[in-house]
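Report on the structure given below.
The values are calculated or read from the model by the stated rules, or taken from the named source; none is laboratory data. Not measured: the values here are computed from a predicted model. A quick note on method: Cβ atoms are made from the backbone with ideal geometry, for glycine too, and the neighbour counts reach across all protein chains shown.
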Amino acid sequence: MFARWTSLAIGLWLIFSPLLLGYRTAGPIVHDVLLGLLASVSALAALERPALRFTAGLPGLWLVLAPSLFGWYDGAIGLVELTSGVALLALAWVPSARSPKLASQRHAARMTA
């Protein structure tokens, strides 16, 4: 659950980073806001359905690849996108505490006790 909330925080950071860091062009602003929204929505979806945790990795993968594709390695922009992307990719692999397999194991343990 911690990983999903952290992914949500990273999404919010992406939404507000253009304002806080003063991006100068519209392309990176729109890119980071849209990817932040996508990361936030996928993190919230993963809270309800733990199997969807890998959907948060998709914006992360794009954030890692986009700066090199579009040449946005402009100091703060490249750093924000690269670190956010790597963090989202890493957090996508963290299993949720409410995964169905773990829940069924806990339920089975309670039934035998």
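For region 13-40, what are the residues that are touching a helix residue (DSSP H, G or I) at 6+ places or on another chain (Cβ under 6 Å), assigned to a helix (DSSP H, G or I) and touching a residue at least 24 places away in the same chain (Cβ under 8 Å)?
Residues satisfying the conditions are LEU14, ILE15, SER17, LEU21, PRO28, ASP32, LEU35, GLY36, LEU38, ALA39, SER40.
If I filter region 49-60 for residues that are buried (at least 17 other Cβ atoms within 10 Å of the Cβ), closer than 24 Å to SER96 by Cα, touching a residue at least 40 places away in the same chain (Cβ under 8 Å) and more than 12 Å from the chain's Cα centre (by Cα), do I get at least one hit?
Checking region 49-60: at least one residue is buried (at least 17 other Cβ atoms within 10 Å of the Cβ), closer than 24 Å to SER96 by Cα, touching a residue at least 40 places away in the same chain (Cβ under 8 Å) and more than 12 Å from the chain's Cα centre (by Cα).
Quick one: in region 10-36, of everything that is exposed (fewer than 14 other Cβ atoms within 10 Å of the Cβ) and modelled with pLDDT of 90 or more, which residue is nearest to ALA51 (Cα to Cα)?
That would be LEU34.
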